[in-house]
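K.L.:
Structure incoming, see below.
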Amino acid sequence: MPRNRNNKGQGRQRSRRDNGRKDKRGPSRESSPAYSEASHTPQQENAARGLLHGIGVPAPKPFLPDDFQLEALEAIEHEDVLVTAPTGSGKTWIASEEIRRLLEQKKRAWYTTPLKALTNSKYIEFSQRFGAENVGILTGDRKENTDAPLIVGTTEIYRNQLFDALRNGEQVGTDFVIIDEAHYLADEDRGHVWEEAIILTPPRIRMLLLSATVGRAEEFARWIGEVRGTRVRVINRAGSRPVELRAAYLSSSLQLYPLLDDGGQYNAEIDQFSSRGRASFPRRRR
């Protein structure tokens, strides 16, 4: 017996209504109550002011190099140098001054970094300082002015140039190499690149290594001297950072809470935001 096609859709609608199943999506929940945050108390306002006090561009004044910077420049003339100093204390100034002297003597230099972003930053900085015609860049995806007397590039590219020179029986075209962030030698995945770069650099090329966090600097320097057959001076600028670090929590209403209290301990006032965050997001039923 042929089906009545006109009733086909109606049958399906009845079966869906009569199957007794409930819609998986239940009624929508009521929206969460609006989040509100109390204004700073007078004590909290004073703490926020203290956190921000002194931040800004310092007044200009004549530059005077520190003793460790002058010591490094003197040592670079006749030996390799490993400089360990906190971030912001002026390690790059040592490299810049030596680069300036080399360029005046019509010599060549390499500046290596572990990151493309840092390489690009140094390329811009040195181009402005020494002139764009004197600076080139070599990374995995950027090659500009590669015949320049100063080349800024990643450590991997410098290491590859050393390998190429070794295979071809040639000399690497530089008189001086700066290895920034030298503590990457201890990196589990990439440290071998720094190790190979140090070992393969000919002794005729003087080496300046810079780091804020290298450990056991004297032991590191002895190893460099053994594999390169050179003398290595360790210059350690001990002490705290010249540029102070300050940490704070920024609330959703853009109020600042210092991470540490006046006694240097964790500021417990920040805990209020953690508890509110947990309360505003109820757990899902499983």
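K.L.:
Given labels modelled 7 Å from the Cα in the Cβ direction, how far is it in nm from residue 55 to residue 163?
P.N.:
4.5 nm
K.L.:
Would you mind pulling out the separation of the Cα centroids of the range 204-240 and the range 120-191, in Å?
P.N.:
19 Å
K.L.:
Wrap a convex hull around the Cα atoms of the range 175-260, take a quarter of its surface area, and give that in square nanometres.
P.N.:
In nm², the orientation-averaged hull projection of the range 175-260 is 8.7.
K.L.:
Compute the normalised compactness of the range 67-236: alpha-carbon radius of gyration over 2.2 N^0.38 Å, N being the residue count. Can you show the working numbers first?
P.N.:
Numbers: Rg = 14.7 Å, N = 170, 2.2 N^0.38 = 15.5 Å.
Dividing the Cα Rg of the range 67-236 by 2.2 N^0.38 Å gives 0.95.
K.L.:
Residues with beta-carbon under 13 Å from that of residue 120, excluding residue 120: net charge, scoring Lys, Arg +1 and Asp, Glu -1? All intermediate terms of the calculation are to be shown ahead of the outcome.
P.N.:
Values: positive: 116, 122, 142, 143; negative: 125, 141, 144.
Summing Lys and Arg as +1 and Asp and Glu as -1 gives +1.
K.L.:
Would you work out the relative contact order for the range 67-236, in percent, from Cα pairs under 8 angstrom that are 6 or more residues apart?
P.N.:
On the way: 286 pairs, mean separation 54.2, N = 170.
After rounding, I find 32 percent.
K.L.:
Can you tell me the FRET efficiency between residue 129 and residue 249 if r is taken as the Cβ-Cβ distance and R0 is 45 Å, rounded to the nearest 0.05?
P.N.:
Numbers: r = 38 Å, r/R0 = 0.85.
Once the sixth-power term is evaluated, E becomes 0.75.
Every number in this text was worked out from the coordinates using simple rules, so none of it is lab data. Since the structure is predicted, the reported quantities are computational estimates derived from the model, not experimental observations. Note: ideal-geometry Cβ built from the backbone for every residue, glycine included; neighbour counts use all protein chains shown.
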